[in-house]
Structure formats: structure tokens, C-alpha cells
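S.K.: Take this structure, written in C-alpha cells, and hold onto it; I'll ask about it next.
The values are calculated or read from the model by the stated rules, or taken from the named source; none is laboratory data. All figures in this text were calculated on a predicted structure; none of them were measured in a lab. Neighbour counts are summed over all protein chains in view; Cβ atoms, including those assigned to glycine, are modelled from backbone coordinates with ideal geometry.
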Amino acid sequence: MKLLEYEAKKIFGSYGIPVPRGVLIHSPEDLESGVAESLGDGVVLKAQVDVGGRGKAGGILMADQGSLAGTARDLFGREIKGIPVREVLVEERISIEHEYYVSIAIDRSSRKALILFADSGGVEIESVARENPDALRKASVPVILHDVPAFMLRELRGDAPKEVEKVINRLYRAFCEKDALLAEINPLVSTPSGIVAADAKLIVDDNALKRQGIEQNRDLSERERVAEEHGFSYVELDGEIGVIGNGAGLTMATLDLIEFYHGKAANFLDVGGGADQERVRHAVSLVAGVSSVRVIIVNLLGGITRCDDVARGIVEAGVHQQIIVRLAGTNEDLGKEILAGKGYRMMDSMEDAVRAAVEESR
């Protein structure tokens, strides 16, 4: 789950990384109490929305104390890339001498933390990485280490101020202890008073949210949240063919075949082993609720899952889309008999079922 900037800065600050002074407001009226007066005359208002390129999209505005209230009203009235502004971080305006870039992510190939550092930061860092990859200095750190080795810190820093080494090391500790997939400061800036994290990004592993005291994954769509409540493994895609399987391998194989036959899957939904009638009904209803879905393929192998329960769940869902079914295993004949009596299309193989679904989707 991606944290908002103010949340990431609060965490980074707790690890000793300097961040600008700021206050979070939820409406322009919050400023009437004078909460932002201590930030100085020049301030920056930053919309707290989970989008990239926020500044270019009008989500970051400058103001002074005299224009602060009006600027806040303006920002709260905007949508940034389609997302309405509900929270604004008001920060002191800092004097920037130089911008740097630092990030830490998981390198899955080496199973280490990959630290990147560049002498230029800001919104064009992607262009820098693409056009001049040597400008990014890298270090791979085994996550069993509590600190980044000193020689790595020196190599990463290059000619940047020595204070940068402390920031990188503290960012690494936050990355490890917060179960992060990404920790990024862009830009990390030098100012007359020292190094400051002008922006902050932190993405926490979804599997560690409860351990980190986070009760709800805000990154989930409403449909993904419902799927999580039912215990489904569910991922939304952008196609027209709804997919329901049992077991990650079988469901992934179904998606691969859809791609092979030039179709487009609308989702991945694994109902898990031992799915009963009620569970199957919820799965079919959930997938059918996606407006782009034209046809649904149900591909289940009955081991501890009973095919007759699957069939009853499909019938009970009563969705308007055509459902193409491939069942095999426990009570297979009974399941097929139930579905045949209701006019459902059944196929003997996964390949036949996928081909039929792709044709129907067209």
C-alpha cells in the first residue's frame, strides 16, 4: 500500500531524516486557527493525492500568509488527475541549493535491497535514468544488515554533502523496519541549513499491513475489498473475459490460454480449495458486476471442491452474462447434469472452454 506524502514524512522524520515543518489540513477553514502561521511567510500547499506528476497537474501551489486561505480554497476545489483533493499538506518554503535523488527497493533477482542515488533529482529523474544510466549510482545490500556498510555509503554519495550518508542509512532502516517495497526521496535537497527530504514516498508490502498496524489497504478498489472479505485472490485487469478458477496455477494457466488465443481477461479470481455453493455464488456475482465483462469462464477441478456445489453456486448467481464451464473431479457428472438442465455451456477441456470464451467475447 502506498502511503501519502505526509504519512511517509512522519515516518522518515521519526528515523531522524530532516523534513520540512508542515501541517495537514482537511479544509480551508482549518487555517482559521492560525495553525500555519509558525511556518513563515512563504509556504507550499501540496495536495495529498496518490498520483504521479502531481506538481505538473496543478497539485502543488505556492503562497504567502496573505494569500494562503485563497490558495487553499483553490486547491481544495481541484481534481488532480481525476482525484478530488481532500487533504492538503502546508509546508514551510525551503531555500533549495541542489536536488538529489535516493530510493531503496527490493531487487527480487538478488533478494537484496537496491539503493539508487543520483546527483540530480526532481520530476525528470526518469529521463535521467533512461538517457544517462551512469548518473545513477547503485548498491545492493543484504537485508539482514542493520546498516548500510560505510564503503557503500561513500560510493553512493560521491561528491554530495557527507550528511547524505546519514540520510541514506536512516532511509534504509525505515525501509527494512516498515516492511517497505519502496522508500524514495525525490528530491532530497541541500539547503543553507542542511539536507532535507522535500518529498517522500513509501510503499508498504500488502502482506505486512497488519504487522505495521494498518487496518485497511487503501489501494484496493471496492471490488477488490469485497474479494478480500470473501477470501478470494483477486486482481482486476482490463479485458472482457471474466475468469474464475480454483488454485493459482490453474487460474494463471487459464489467463495464459486467453492471451494465447488473443483474448483479454477482465480479472484473476482464485476461489481457493474446497469452495462451497455460497462461495462460488459470490465469486460469479463479483466478476459479473464488472461492466466490461461479456462472458465468464469457470474452470474448476473438483478435489475437495465438489462439482455439484460449484454448479449450484453458478445457477444461484443468476447473472446475465454467458458462463462457459469446465468442471472435472468430485461429483462431476452431477454438476454437469445440474448445469445442462439450466442451459449452461460446458466444455470437456480447458482449451475448448477458453476458445469458446474468446469467441463469445468478440
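S.K.: Just for the stretch 201-242: of the residues that are modelled with pLDDT of 90 or more and hydroxyl-bearing (Ser, Thr, Tyr), which one is nearest to the chain's Cα centre (by Cα)?
M.R.: Among those residues, the one meeting the criterion is 234.
S.K.: Which of the residues spanning the stretch 246-265 are modelled with pLDDT under 95 and buried (at least 17 other Cβ atoms within 10 Å of the Cβ)?
M.R.: If the condition is that a residue be modelled with pLDDT under 95 and buried (at least 17 other Cβ atoms within 10 Å of the Cβ), then 246, 247 are the ones that fit.
S.K.: From the list 340, 317, exactly one residue is under 26 Å from residue 226 (Cα atoms) and touching a strand residue (DSSP E or B) at 6+ places or on another chain (Cβ under 9 Å). Which is it?
M.R.: From the options 340, 317, the qualifying one is 317.
S.K.: Please work out which one of (1) closer than 27 Å to residue 92 by Cα; (2) surrounded by 13 or more Cβ atoms within 10 Å (Cβ to Cβ) is the condition residue 192 fails and give its number.
M.R.: Result: residue 192 passes all but (2).
S.K.: Let me ask something else about it. When the stretch 295-343 is examined, which residues are found to be assigned to a loop (DSSP other than H, G, I, E, B), on the phi < 0 side of the Ramachandran plot and under 37 Å from the mean Cα position of the chain (by Cα)?
M.R.: The answer is 303, 304, 305, 306, 319, 320, 321.
S.K.: Another question, if that's okay. Restricting attention to the stretch 279-295, does a residue exist that is among the aliphatic types (A, V, I, L, M), out of contact with any Cys (no Cβ under 9 Å at 6 or more places or on another chain), within 15 Å of residue 354 (Cβ to Cβ) and crowded, with 23+ Cβ neighbours inside 10 Å?
M.R.: There is no residue in the stretch 279-295 that is among the aliphatic types (A, V, I, L, M), out of contact with any Cys (no Cβ under 9 Å at 6 or more places or on another chain), within 15 Å of residue 354 (Cβ to Cβ) and crowded, with 23+ Cβ neighbours inside 10 Å.
S.K.: Here is a follow-up. Of all residues in the stretch 63-79, which are surrounded by 13 or more Cβ atoms within 10 Å (Cβ to Cβ) and small (Gly, Ala, Ser)?
M.R.: Result: 63, 67, 69, 72.
S.K.: Hey, another quick one. Going by the conditions given, is residue 128 in contact with a helix residue (DSSP H, G or I) (Cβ under 8 Å, 6 or more places away or on another chain), surrounded by 15 or more Cβ atoms within 10 Å (Cβ to Cβ), at pLDDT 95 or above and β-branched (Val, Ile, Thr)?
M.R.: So residue 128 does not fit the description; no.
S.K.: Six or more apart or on different chains, Cβ atoms under 7 Å: show the pairs whose first residue is in the stretch 348-362 and in the same structural domain as residue 256 (by TED's automatic domain parsing) and farther than 10 Å from residue 263 by Cβ and whose second is in a loop (DSSP other than H, G, I, E, B) and not β-branched (Val, Ile, Thr).
M.R.: Correct list of pairs: 353/347; 356/347.
S.K.: Could I ask something else about it? How many residues are of a type in the set (Gly, Ala, Ser), surrounded by fewer than 16 Cβ atoms within 10 Å (Cβ to Cβ) and at negative phi when one looks only at the stretch 156-178?
M.R.: Residues meeting the conditions: 0.
S.K.: Which pairs have Cβ atoms under 9 Å, sit 6 or more apart or on different chains, and link a residue in the stretch 213-224 that is free of Cβ contacts under 8 Å to residues at least 40 places away in the same chain to one that is surrounded by 10 or more Cβ atoms within 10 Å (Cβ to Cβ) and of a type in the set (Gly, Ala, Ser)?
M.R.: If the second residue must be surrounded by 10 or more Cβ atoms within 10 Å (Cβ to Cβ) and of a type in the set (Gly, Ala, Ser), the pairs left are 220/227.
Rundown of residues vs (1) small (Gly, Ala, Ser); (2) buried (at least 19 other Cβ atoms within 10 Å of the Cβ), yes/no style:
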site: 297; (1), (2): no, yes
site: 300; (1), (2): no, yes
site: 304; (1), (2): no, no
site: 310; (1), (2): no, yes
site: 319; (1), (2): no, no
site: 324; (1), (2): no, yes
site: 328; (1), (2): yes, no
site: 334; (1), (2): no, no
site: 337; (1), (2): no, no
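Residues checked against (1) in contact (Cβ under 8 Å) with a residue 40 or more places away in the chain; (2) closer than 25 Å to residue 55 by Cα:
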position: 103; (1), (2): yes, yes
position: 106; (1), (2): yes, no
position: 112; (1), (2): no, no
position: 134; (1), (2): no, no
position: 161; (1), (2): no, no
position: 176; (1), (2): yes, no
position: 190; (1), (2): yes, yes
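S.K.: Also, quick follow-up: Residues of the stretch 34-46 being at negative phi, out of contact with any Leu (no Cβ under 6 Å at 6 or more places or on another chain) and of a type outside the set (Val, Ile, Thr), which ones?
M.R.: 36, 37, 38, 39, 41, 42
S.K.: Residue 193 is checked against (1) of a type outside the set (D, E, K, R); (2) closer than 16 Å to residue 96 by Cβ; (3) in contact with a His (Cβ under 9 Å, 6 or more places away or on another chain) and fails just one. What number does that condition carry?
M.R.: (3)
S.K.: A follow-up question, please. Looking at the structure I just gave you, is residue 51 within 28 Å of residue 203 (Cβ to Cβ) and part of a strand (DSSP E or B)?
M.R.: no
S.K.: Go through the stretch 208-242 and count every residue that is out of contact with any strand residue (DSSP E or B) (no Cβ under 8 Å at 6 or more places or on another chain) and of a type in the set (A, V, I, L, M).
M.R.: 4
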